[in-house]
Amino acid sequence: MREKVEVINTDLKKKKEDLKKKAKKRSQIADVWKRLKKSPAAVIGIILIIIFILMAVFANYIADYQTDAIKMNVVNRLQSPNKDHWFGTDEFGRDIFARIVYGTRISLFVGLISVGIALTIGGTLGAIAGYYGGKIDNMIMRVLDVLLAIPTILLAITIVAALGASIMNLMIAVGISNIPGFARVVRASVLSVKDQEFIEAAKAIGARDHTIILKHVLPNSMAPIIVYATLKVATAIMATASLSFIGLGVAPPTPEWGSMLAGGRNYMRDSMHIVMFPGLAIVLTVLSLNLIGDGLRDALDPKLK
Amino acid sequence: MGEKLLEVKNLKKYFHTPKGLLHAVDDVSFSIEQGKTLGLVGESGCGKSTTGRVILRLLEATDGDIYYKGQKIRDLNSNEMRNLRKEIQIIFQDPFSSLDPRMTVSEIIEEPIRLHKLITNKNERFERVLELMELVGLSERLINTYPHELDGGRRQRIGIARALSLNTKFIVCDEPVSALDVSIQAQILNLMKELQAQLGLTYIFITHDLSVVNHFSDDIAVMYLGKIIEKASAEELFNNPIHPYTKALLSAIPRPTIDKKVKKIILKGEITSPINPECNCRFANRCNFTEEICKMKEPSLEEVISNHFVRCHLFKG
Amino acid sequence: MNNKVLEIENLRIQYVTDDGTVEAVNGINICIDKGKTLGLVGETGAGKTTTALSILRLIPHPPGKVVSGFIKLEGLNIMDLSEKEMEKIRGGEVSMIFQDPMTALNPVICVGDQIAEAIHIHQNVTQEQARQKAKEMLEMVGIPGARMEEYPHQFSGGMKQRVIIAIALSCSPKLLIADEPTTALDVTIQAQVLELMKELKEKFQMSMLMITHDLGVVAEVCDEVAIMYAGRIVEQGTLIEIFTNTKHPYTQGLFHSIPNIDDRKAKLIPIKGLMSDPYNLPKGCSFCNRCNYAMTICETQKPEKIEISDTHFVACHLYKDNLDFQLRQ
């Protein structure tokens, strides 16, 4: 008799263990990935961006920075694409392929960091403005409106011009000029979540403000923010290239797509490849990020489940 | 006569709007005894939901007192209030928006226990979640599902389980069944009744549906534009409605029978704006019995019959 | 004698999605005579709205698809019509009133113009005449004609529903489809709107398809009732037959789930369980897993339509061999 009871008890225990194992949170990222895979455009974007990332990470193994990307070699100048120089050479005889590979590092790095800066500062301001509303909201948003009134690129130019041209300053400039945009998106997103009943429910069970913002408001307002950030990395890369193009970005001879375009534009008539390849690199990165952004917008929408 | 668990005195809640002061709740008083249910009935915009939220201090009252077990709720500081939330809870109308879509069933039910550190041991907490799920009739295999994967009835059960997860004594039920299908509605109503009997809960039942409230409540207060216009025991109110609005409301319910037809009282017009109301009877412009005095002076809530209160000039003493 | 305004025969509609196929409507037969009102009753997901939309050929395609059956409007099979001819029917011969009056009106066009637009599209009249008619319609639904120039946000919920009724009736339709017209309204306003609809139905000699989940509303406005469950009609009959001689266990379950306002001690007897997963309906009767009378046959075989009287049908195995079977009270 006693044994029987014990058997039942262990059975029950086992069942509960099973349940507990299952209680591990089913990953929502997996769900999003499943839906993202359904969009061919997004998959192409992801493949492209992975190629670019791999290029940036393994640049050392693809080409040598000193000899291929930086060192002038006037004998080989303005060669068309051939088997030694896949993308040809530029006006100083440097290998364009190597320069694009190393340029990827700078572009992706500047893009990510500047968006990171904008997201952290803009996002925090936006979340505070959205959640508390009233006077705080008014104060934060009016200050940001002033920033918003200046065109992004003009603002970035002003900041770089004031701080001096360097990669660091470039990131700060692009980052700051994107703050108002992020603040607006985060605020709007927080506002739409904040009035839902589950936030009220959290208050009713006695959750404190910071718990509510971190555990309920932000996770539910993530979707538009992620999409916006993805798209903004693309614009940040464009802005970096634009600033470098007008000479306010990365100092030569550091390979950067925008400055490569700028340097090559005098030779465009005879040697198209000099501008074509860096241009193509910019277009493809921006395009792939946009494709991913659009794909994410659909994949993150829980209503489509 | 049982013990008064909750007492509301002259409660007022005004909202500032661009058009003027909105009198959402205007001088509302009532009390509820331990283990009983008070039905708060009225049409949209009458202030019934606002009343519920003000009691829980999800909204701050403009004026008036709320006593819970003799304790003035409005004077509590945030820590004391947080403590009190273990006992007073709310069930929401919309089971689709009242649950965080990014949390699983177990996380939702567990959250209050974790926040108040009632059970710190993870395994015990898990047992408690299973216990609560069983209590509200949720199968334990649903423990890892997300709310959007479930139907309205099950979601509402999650909401009830969450409300019960603490040492709940008193629940504000804000239209808990009006978003559900009829057959599910009956299941949830029965569940709530069973839980009341089993756990000795006290309810405020906010609804626009008189047939539900009749079935569910011991006492009923009818609200119109922020004021209680009639208050009595459920039995008394349904057998002997006095206020013209209550009468019209009762007759307007579509009855699922064909043998006895009740003569309908069709009210003219619609509810007026609660912004800057005039000092007259707020129902005067829709009432079929309006007299001169109704447009001049606001009636007071009078005890017409023992324990039956009416706010109407036509019935005084 | 062909008095039939609407005939639906053996209509089957499926929604094909990535997760599987939903048989939203599964072989239903409906027929409405001139001037009569049929109440289509059922819970969320029963297929009521799909049926209504199919009459206007407005089923979103994909994923929706009419698999078989036909719909006839006064003898005319609408399945054969071109899209152009269909446009004439929508809002002309058949109008629809939607559940939510808040979203059914265009917020940037004044209500008078919205009514006039409907008239102008379907009738051969000048703008001026259309506006004149619009004003008459507005007054007919109890809104002063002077409010024609106002915008939807200036109207309350009940008033908006009146405007929508005015639009729906502006072209004197033969058939009015009302999809839960009063669900979003307050009780006293609901009473007003129902009263108005009854009045206008008499006046225009319209037929009406009333979609609702509220048996109380049915008792007030309908002549005939069809109870739908999981895409099938489980019981159909005249109002009196359904209310006094309830045959199907689901219909009975619905009645028992409604709190009785005149008897507050009455206990609610809910229907147990939940509606079956529409992707995965039982092989036999769709209701068998919730039914208190379920027999072995119910699990394996779909019930046939059984005739109780000329007008009263029930799809339930209980009556297969024994027409006089009585449900327990």
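The values are calculated or read from the model by the stated rules, or taken from the named source; none is laboratory data. All figures in this text were calculated on a predicted structure; none of them were measured in a lab. Quick reminder, even Gly has a Cβ in these numbers, built from the backbone with ideal geometry, and neighbours come from all protein chains shown. SASA here: full protein model, heavy atoms, side chains in, ligands and nucleic acids out. Shrake-Rupley method; radii C 1.70, N 1.55, O 1.52, S 1.80 Å.
I'd like the accessible area for B:Leu191, computed on protein heavy atoms only with a 1.4 Å probe and all protein chains in place. Round to 10 Å², please.
10 Å²
Relative to the longest principal axis of chain C, what angle (0 to 90°, nearest 10) does the C-alpha long axis of helix C:111-122 take?
80 degrees
In nm², what is the average projected area of the convex hull enclosing the Cα atoms of segment A:251-305? Numbers along the way, then the final one.
Numbers: hull surface 20.6 nm².
Hull-based average projected area comes out at 5.1 nm².
Calculate the length of the line joining the C-alpha centroid of segment A:175-191 to that of segment C:156-234, in whole Å.
About 47 Å separates the Cα centre of segment A:175-191 from the one of segment C:156-234.
Based on the Cβ-Cβ distance from C:Ala146 to A:Asn60, what FRET efficiency comes out when R0 is 56 Å, to the nearest 0.05? Provide the component values of the computation, followed by the final result.
Numbers: r = 80 Å, r/R0 = 1.43.
With a Förster radius of 56 Å, E is 0.10.
Karplus couplings for segment C:60-76 from phi (6.51 cos²θ - 1.76 cosθ + 1.60, θ = phi - 60°), rounded to Hz, Gly and Pro as x?
With coefficients 6.51, -1.76 and 1.60, one gets x, 10, x, x, x, 7, 7, 7, 7, x, 9, 10, 10, 10, 6, x, 9 Hz.
May I ask for the Kirkwood hydrodynamic radius of segment C:90-180, worked out over all distinct Cα pairs and given in angstroms to one decimal?
Values: mean 1/r = 0.0782 Å⁻¹.
Kirkwood radius, segment C:90-180: 12.8 Å.
How high is the relative contact order of chain C, in percent, with contacts defined as C-alpha pairs under 8 Å that are six or more residues apart? Kindly include the intermediate steps, with their values, before the conclusion.
Values: 600 pairs, mean separation 63.6, N = 329.
Value for chain C: 19 percent.
Have a look at the DSSP beta bridges in the protein assembly as shown and tell me what percent are antiparallel, nearest 5. Intermediate results must be reported in sequence, preceding the final value.
Working: 64 of 101 bridges.
Roughly 65 percent of the beta bridges in the protein assembly as shown run antiparallel, per DSSP.
Could you give me the ³J(HN,Hα) list for segment C:190-204, computed from phi with Karplus coefficients 6.51, -1.76, 1.60 and θ = phi - 60°, whole Hz, x at Gly and Pro?
3J(HN,Hα) across segment C:190-204, in whole Hz: 4, 4, 4, 5, 4, 4, 4, 5, 4, 4, 5, 5, 4, 4, 8.
Which whole-number percent of Cα pairs in segment A:167-305 have a distance greater than 26 Å? It would help to have the intermediate numbers written out before the result.
Values: 4218 of 9591 pairs.
Roughly 44 percent, rounded to a whole number.
Once phi is turned into ³J(HN,Hα) by the Karplus curve 6.51 cos²θ - 1.76 cosθ + 1.60 with θ = phi - 60°, what whole-Hz value does each residue of segment C:293-303 show in order, with x for glycine and proline?
10, 4, 10, 4, 4, 4, 7, 10, 10, 6, x
Can you compute the FRET efficiency between A:Ile51 and C:Thr296 using 1/(1 + (r/R0)^6), with r the Cβ-Cβ distance and R0 = 60 Å? Round to the nearest 0.05. Please report the intermediate quantities before stating the final value.
Numbers: r = 62 Å, r/R0 = 1.04.
Computed FRET efficiency for A:Ile51 and C:Thr296: 0.45.
When the C-alpha atoms of segment A:38-304 are aligned to their principal axes, what extent does each axis show, in angstrom, from largest down?
Extents along the principal axes, in whole Å: 76, 45, 29.
Counting only residues 5 or more places away or on other chains, whose amide H sits under 5 Å from the amide H of C:Asp33 once H atoms are built in the peptide plane?
Those qualifying (amide H under 5 Å, at least 5 residues apart or on another chain) are C:Val5.
Using 0.36 nm per residue of separation minus the Cα-Cα distance, give me the extension gain between C:Thr17 and C:Phe204 in nm, one decimal. Present the calculation step by step, with values, prior to reporting the outcome.
Numbers: separation 187, 0.36 × 187 = 67.32 nm, distance 4.12 nm.
Net length gain for the segment: 63.2 nm.
State in Å² the accessible area per residue of segment C:223-328; use a 1.4 Å probe, count heavy atoms of protein chains only, and round to the nearest integer.
Numbers: 5120 Å² over 106 residues.
With the other protein chains kept in place, segment C:223-328 gives 48 Å² per residue.
Let me test this: with uniform point scatterers at the alpha carbons of segment C:192-279, what is the Debye-based log₁₀ I(q)/I(0) at q = 0.15, 0.17, 0.23, 0.26 1/Å?
The Debye formula, applied to the Cα set alone, gives -0.69, -0.85, -1.25, -1.39.
Around C:Ile271, under 12 Å between beta carbons, what's the net of Lys plus Arg minus Asp minus Glu among the other residues?
Working: positive: C:Lys272, C:Arg290; negative: B:Asp181, C:Glu43.
Counting the neighbours of C:Ile271, the net charge comes to 0.
Can you give the relative contact order of segment A:38-304 as a percent, counting alpha carbon pairs under 8 Å and 6+ residues apart?
Working: 398 pairs, mean separation 69.7, N = 267.
Computed value for segment A:38-304: 26 percent relative contact order.
Could you sort A:Glu200, C:Glu23, B:Glu291 by their accessible area in this structure, using a 1.4 Å probe and putting the largest first? The partial results should precede the final answer.
Working: A:Glu200 40, C:Glu23 60, B:Glu291 100 Å².
Result, largest first: B:Glu291, C:Glu23, A:Glu200.
Looking at chain C, which longest stretch skips every one of the trypsin sites (Lys or Arg not before Pro) that is in a DSSP loop with at most 15 other Cβ atoms within 10 Å, leaving the sites themselves out? Before the final figure, lay out the partial values.
Values: sites that count: C:Lys34, C:Lys265, C:Lys267, C:Lys272, C:Lys283, C:Lys320, C:Arg328.
In short, C:35-264.
So what's the back-of-envelope 222 nm ellipticity for chain A, counting only DSSP H runs of four-plus at -39500 (n - 2.57) apiece and dividing by all residues, rounded to 500? Before the final figure, lay out each step's value.
Working: 12 runs with 217 residues, N = 305.
It lands at -24000 deg cm²/dmol.
Mind jotting down the three principal axis lengths of segment C:93-239 based on Cα atoms? Whole angstrom, largest first.
So the extents along the principal axes, rounded to whole Å, are 48, 32, 26.
I'd like the mean, over residues of C:239-249, of how many other protein chain beta carbons sit within 10 Å of each residue's own Cβ.
Across C:239-249, the average partner-chain Cβ count within 10 Å equals 1.
Considering only DSSP beta bridges with both partners in chain C, what is the antiparallel share in %, to the nearest 5? If you can, show how the numbers build up before the last one.
Details: 32 of 51 bridges.
Rounded to the nearest five, the antiparallel share is 65 percent.
What's the long-distance tail for segment B:196-317, i.e. % of Cα pairs beyond 25 Å? All intermediate terms of the calculation are to be shown ahead of the outcome.
Details: 2100 of 7381 pairs.
Value for segment B:196-317: 28 percent of Cα pairs lie more than 25 Å apart.
Give the distance, in whole Å, between the Cα centre of segment A:247-266 and the Cα centre of segment B:191-240.
So the two Cα centres are separated by 76 Å.
Please list the non-local residues whose amide H lies under 5 Å from the amide H of A:Gly88, H modeled 1.01 Å from N, same-chain partners needing a gap of 5 or more.
Counting only residues 5 or more places away or on other chains, the set is A:Asn82, A:Ile96, A:Phe97.
Based on C-alpha coordinates, I'd like the Rg and Dmax of the protein assembly as shown, in Å.
According to the Cα coordinates of the protein assembly as shown, Rg and Dmax are 33.7, 113 Å.
Let me check I've understood the local charge: for B:Leu76, count other residues with C-beta under 14 angstrom from its C-beta, Lys and Arg +1, Asp and Glu -1. What total comes out?
+2
Based on alpha-carbon centroids, what's the gap between segment A:134-160 and segment C:30-102 in Å, whole number please?
53 Å
Can you give the Rg to Rh ratio for chain B, taking only C-alpha atoms and Rh from Kirkwood?
On the way: Rg = 20.6 Å, Rh = 20.8 Å.
A ratio of 0.99.
For chain C, what does -39500 (n - 2.57) per DSSP helix run (n ≥ 4), summed and divided by total residues, give at 222 nm, in deg cm²/dmol to the nearest 500? List each step's numbers first, then the result.
Working: 10 runs with 99 residues, N = 329.
Taken over chain C, the calculation gives -9000 deg cm²/dmol.
Where in chain A are the helices, taken as whole DSSP H runs, whose Cα atoms extend 15 angstrom or more along the long axis and whose Kyte-Doolittle mean reaches at least 1.0?
Working: long enough: A:2-22 (30 Å, -1.76); A:40-57 (25 Å, 3.09); A:96-132 (52 Å, 1.42); A:134-149 (22 Å, 0.94); A:152-163 (17 Å, 2.76); A:167-194 (38 Å, 1.21); A:218-245 (39 Å, 1.23); A:273-299 (38 Å, 1.29).
Flagged H segments are A:40-57, A:96-132, A:152-163, A:167-194, A:218-245, A:273-299.
Can you compute the radius of gyration and Dmax for segment C:223-328, using only the Cα atoms, both in Å?
For segment C:223-328, the Cα-based Rg and Dmax read 13.9, 41 Å.
For B:147-157, what's the mean count of beta carbons from other chains sitting within 10 Å of each residue's beta carbon?
Working: counts 1, 3, 1, 1, 5, 2, 4, 1, 0, 0, 0.
Across B:147-157, the average partner-chain Cβ count within 10 Å equals 2.
How about segment B:212-257: which of its residues lose at least 30 Å² of accessible area in the presence of all protein chains relative to their chain isolated, using a 1.4 Å probe?
B:Asn214, B:His215, B:Glu235, B:Ala252, B:Pro254, B:Arg255, B:Pro256
Equivalent-ellipsoid semi-axes (√(5λ), Cα gyration tensor) for chain C, whole Å, largest first? Walk me through the numbers on the way to the answer.
On the way: eigenvalues 264, 103, 65 Å².
They are 36, 23, 18 Å, listed from largest to smallest.
Heads up, I need the accessible area for A:Lys38: 1.4 angstrom probe, whole protein in place, Å², nearest 10.
130 Å²
Please work out the average accessible area per residue across segment B:170-293, using the 1.4 Å probe convention, and give it in Å².
Values: 4290 Å² over 124 residues.
It amounts to 35 Å² per residue over segment B:170-293.
From Cα pairs below 8 angstrom and at least 6 apart in sequence, can you work out the relative contact order of chain B, rounded to a whole percent? If you can, show how the numbers build up before the last one.
Details: 566 pairs, mean separation 65.7, N = 317.
It comes to 21 percent, rounded to a whole number.
Under 15 Å from the Cβ of A:Met55, count the other residues' Cβ atoms, weight Lys and Arg +1, Asp and Glu -1, and hand me the total. Provide the component values of the computation, followed by the final result.
Values: positive: A:Arg99, A:Arg105; negative: A:Asp64, A:Asp68, A:Asp95, A:Glu256.
Its environment carries a net charge of -2.
What is the helix-to-structure angle for C:157-169, meaning the angle in degrees between its Cα long axis and the longest Cα principal axis of chain C, kept from 0 to 90 and rounded to the nearest 10?
80 degrees
In degrees between 0 and 90, to the nearest 10, how far off the longest principal axis of chain C does helix C:127-140 point, with axes built from Cα atoms?
Between helix and principal axis, roughly 50 degrees.
Keeping every protein chain in place, order B:Glu33, C:Glu304, C:Glu74 by accessible area at 1.4 Å, biggest value first, i.e. largest first.
C:Glu304, C:Glu74, B:Glu33
Do any trypsin sites (Lys or Arg not before Pro) in segment B:64-139 lie in a loop, going by DSSP, with at most 10 other beta-carbon atoms within 10 Å of their beta carbon, and if so which?
Numbers: sites: B:Lys69, B:Lys72, B:Arg74, B:Arg82, B:Arg85, B:Lys86, B:Arg102, B:Arg114, B:Lys117, B:Lys122, B:Arg125, B:Arg128; in loops: B:Lys69, B:Arg85, B:Lys86, B:Arg102, B:Lys117.
Of the trypsin sites (Lys or Arg not before Pro), the ones in loops of segment B:64-139 whose Cβ has at most 10 other Cβ atoms within 10 Å are B:Lys117.
With every protein chain kept in the model, how would you rank B:His208, C:His61 by accessible area, 1.4 Å probe, largest at the top?
Numbers: B:His208 60, C:His61 130 Å².
Greatest to least solvent exposure: C:His61, B:His208.
Which percent of the Cα-Cα distances in segment C:46-132 go past 16 Å? Please list the in-between numbers first.
Values: 2385 of 3741 pairs.
That fraction is 64 percent.
Given the peptides C:184-192, B:146-154, arrange them by the average over their residues of other C-beta atoms within 10 Å, most packed first.
Values: C:184-192: 22.8, B:146-154: 18.6.
Order by mean packing, descending: C:184-192, B:146-154.
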